[in-house]
Structure formats: C-alpha cells, structure tokens
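Participant: Below you will find the structure I want to go over with you.
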Amino acid sequence: MKRSVTAVILMLMLLCLAACGGEAQKNGEAAAEPVPGQETAQEDANWYFMKGDVRIEIGAQAEPILKALGDPQSSYEAPSCALDGMDVVYTYPGFEVLTYVMDGEAKISGVVLRDDTVETAEGVCIGSSKADVQAAYGSIEEGAASLRMTKGNCELLVILTDDAVSSIQYLMADGTV
C-alpha cells in the first residue's frame, strides 16, 4: 500500500514537472485515421491517443473530442501551470483528458493513461514491460526510469517502475501553445 501511494505521488509530481517544462528527445512513429471532421495539423505530425474511433491530439479543439467521448465519469478544474487561468480535467475509464482555454476556445493539453484498459497506438499500456516499450519506441538508456519523445507539438512520456510501465502521458511540448 505504501509503495503504491509513493508511486502515485511520484507520478503526480512528474506530471506537473512535465507540463511545466523539461527536455525532450525526438523519436517515434504513429499512424491511424482521424475521426471524420476532426481537424489535425498534419497526418502523423504528432503523438496521439485513440479511444475507439476518437483521435485525441494535443492542441486540437476539445469540444468535438469531448462530445465524441461522451459524458466523463467526473471532471474538475485546477490552476494551469503552463498558462494563465484554469485547466479542466475530464476523467474517463482508464484515462484523463486535460484541457486549457486559449482565445476563448478549449483545447486539449494532455492525456494521461491510468490503467491497462487503454493503450497507446503502438500497443503500450500501464504494466507493459521495458522490453515492450523498447520494441514499440526504440532503445531506452540503461538505468533510465523514463522515456520522453517529442513529435510535433506533443511529448509522449513513458515512466517505468521496476522495469514496468507505471505512467503514460501525452503532454504539450515545451514552447507549444
């Protein structure tokens, strides 16, 4: 119990740090069809998360995505660490969608995978092994506890605990708003 509480606290701290800054490595590939009518900057230009037929991409308009996902289990507001104002976090089974408002319009700022009921487009989920991560995204430095990759305006952060995935986060890349 104490170990899981510590892991949750560490994950939340890393989420805050990742949202507010950090270095990024370039890497990765992804491919899938966007939801009809959903705008994307350029096919495969960013990391993205798929929930069914819904493509959730950093910087995309939040309204059509949230509508397609349906009613969340819950939602809450929190002070934004990247921008002025408040962010809204929507909780769905297995994941959370983070949004911010810019110029009066809500946009997607992040997606956090919470359990093994959801996975990345490359097939990695909470509990996947370090070998699974390496097969999907390339080598991880020996002794490293995380892998951070930037693609377009999105950072994909995969955190490992005891050589297993403990957190997967899609976040705005530094300097992209």
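Since every read-out is calculated from the coordinates, none of them should be taken as a lab result. In this text the structure is predicted, and so the values were computed from the model without any measurement.
Participant: Gain in length, Thr91 to Asp162, computed as 0.36 nm per residue apart minus the alpha-carbon separation, to one decimal in nm?
Facilitator: So the chain would gain 22.9 nm between Thr91 and Asp162.
Participant: Between segment 109-177 and segment 50-89, what is the separation of their alpha carbon centroids in Å?
Facilitator: So the separation of the two Cα centres works out to 19 Å.
Participant: Using amide H atoms built 1.01 Å from N in the peptide plane, name the residues 5+ places from Asp87, or on other chains, whose amide H lies under 5 Å from its own.
Facilitator: Ala78, Ser80
Participant: Once amide H atoms are placed 1.01 Å from N in the peptide plane, what residues at a sequence separation of 5 or more from Ser167, or on another chain, have their amide H within under 5 Å of its amide H?
Facilitator: Here Ile159 satisfy the definition.
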